[in-house]
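Below: one structure, written as structure tokens.
The values are calculated or read from the model by the stated rules, or taken from the named source; none is laboratory data. Values in this document were obtained by computation on a predicted structure and should not be read as measured data. Counting neighbours? That spans all protein chains shown, and the Cβs are built from the backbone with ideal geometry, glycine included. The accessibility values were calculated without ligands, DNA or RNA, using every heavy atom of the protein model including side chains. Shrake-Rupley method; radii C 1.70, N 1.55, O 1.52, S 1.80 Å.
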Amino acid sequence: MKRVLTIQDISCIGRCSLTVALPIISSFEIETAVIPTAVLSQHTAFDHFFFRDLTEEIPQITGEWAKDNERFDAVYTGYMGSKRQTELVSGLFDRFRENGSFIIVDPAMADNGSLYAGFPDDFAKSMLSLVKKADVIIPNLTECCLLLGKEYDPSAFTKDRIIKMMKDLSDLGCAKVIITGIGAGDEKLGAAGFDSNKNECYFHFNERFLKNFHGTGDVFASVVTGSMVRGADLDHAVKNAVDFTSLCIRYTIHDPDARWYGVNFEPALKEIPRMFE
Ligand code: PXL
């Protein structure tokens, strides 16, 4: 069985990060190990939350693992609780890559033009150190601009500009780049991919809904991770992730009890086996 390590926070309420990655990657029939970067009562988009940083626990966890030479087919990182954590995780990338892992980084730090609550203004610099070592990165448009040091201007996101940003990001060192949250008119929303090994770009779209939901970036990145570990190329991984995320939103939009606690990905899980059969 394939084996993934995912490193991100656990938000006890508000489906995102580990509470999304675990069920989704497991549904690909992949063993999923975790390192929690922080424990939060709820994610940081709530107007109050408890946050306990777990940076000091990371070397203790991985120190024990070193005794058994634990290895993973892939390492997938998301939300990091501190700059120091990005340094530790950067060291882990070197260690696990030596043992054959490929590295997927979702630089989860910002959306809609601003950093998430609690991050210092220069946090993108720390995230950049992980991005440079990754094989695949999955930023949204805000994160793209932060990583490239560009101003966030939604009116400037033409197809050519998106292709240029993907190439600029891959020049930083990551062979494959996916940008999420790309609109095509008022009707379609999707993502773009660039595979520098093949010099190919891919665009995939699905229905655009009037509402935005929290945690969809984590749903998307988890499907990319599951798909690629199961052997999909970038093109198929992006298509799977766009279609699955869209399906989750459809299940949420039609839920009379829908709240803003993430998307109803649970009824969509049964679609996952079809992606790798
Ligand atoms: O979904 C990204 C995410 C993950 N983890 C935490 C967050 C967010 C976005 O706000 O606050 C704790």
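Would you check which residues across region 14-34 are within 19 Å of VAL89 (Cα to Cα), surrounded by 20 or more Cβ atoms within 10 Å (Cβ to Cβ) and more than 14 Å from the ligand (Cβ to nearest atom) and list them? Correct list: THR32 only.
This table checks each residue for (1) in contact with a strand residue (DSSP E or B) (Cβ under 6 Å, 6 or more places away or on another chain); (2) part of a strand (DSSP E or B).
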residue	(1), (2)
MET1	yes, no
SER11	yes, yes
THR32	yes, yes
VAL39	yes, yes
PHE46	no, no
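Given the conditions (1) within 16 Å of the ligand (Cβ to nearest atom); (2) surrounded by 15 or more Cβ atoms within 10 Å (Cβ to Cβ), report the number of the one that HIS48 does not fulfil. Here HIS48 meets the rest and fails (2). With respect to the stated conditions, PHE209 fails to be outside any strand (DSSP E or B) and open to solvent by less than 30 Å² (accessible area, probe 1.4 Å).
To keep it simple, each residue is scored yes or no on (1) open to solvent by 20 Å² or more (accessible area, probe 1.4 Å); (2) assigned to a helix (DSSP H, G or I); (3) in contact (Cβ under 8 Å) with a residue 24 or more places away in the chain.
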{"residue": "LEU130", "(1), (2), (3)": "no, yes, yes"}
{"residue": "CYS144", "(1), (2), (3)": "no, yes, yes"}
{"residue": "GLU151", "(1), (2), (3)": "yes, no, no"}
{"residue": "ASP160", "(1), (2), (3)": "yes, yes, no"}
{"residue": "LYS164", "(1), (2), (3)": "yes, yes, no"}
{"residue": "ASP168", "(1), (2), (3)": "yes, yes, no"}
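Among residues of region 103-120 that are in contact (Cβ under 8 Å) with a residue 60 or more places away in the chain and part of a strand (DSSP E or B), those with a beta-carbon under 8 Å from a residue that is near the ligand (Cβ under 8 Å from one of its atoms) and open to solvent by less than 50 Å² (accessible area, probe 1.4 Å) at least six positions away or on a different chain give the pairs ASP111/GLY217.
Looking only at region 1-13, which residues are within 14 Å of the ligand (Cβ to nearest atom) and surrounded by 22 or more Cβ atoms within 10 Å (Cβ to Cβ)?
Once the filter is applied, which keeps residues that are within 14 Å of the ligand (Cβ to nearest atom) and surrounded by 22 or more Cβ atoms within 10 Å (Cβ to Cβ), region 1-13 yields THR6, ILE7, GLN8, ASP9, SER11.
Search region 51-79 for residues being open to solvent by less than 100 Å² (accessible area, probe 1.4 Å) and in a strand (DSSP E or B), and hand back the single one that is farthest from the ligand (Cβ to nearest atom). By that ranking, first place goes to ALA74. When VAL89, VAL136 are checked against the criterion of being within 16 Å of the ligand (Cβ to nearest atom), open to solvent by less than 10 Å² (accessible area, probe 1.4 Å), closer than 19 Å to THR225 by Cα and not polar (S, T, N, Q), VAL89 stands alone in meeting it. Restricting attention to region 214-238 and to residues that are β-branched (Val, Ile, Thr) and within 11 Å of the ligand (Cβ to nearest atom), the residue that is least open to solvent (accessible area, probe 1.4 Å) turns out to be VAL219.
Looking at the structure I just gave you, is LYS270 of a type in the set (D, E, K, R), under 21 Å from THR32 (Cα atoms) and assigned to a helix (DSSP H, G or I)? When the stated conditions are applied, LYS270 passes them.
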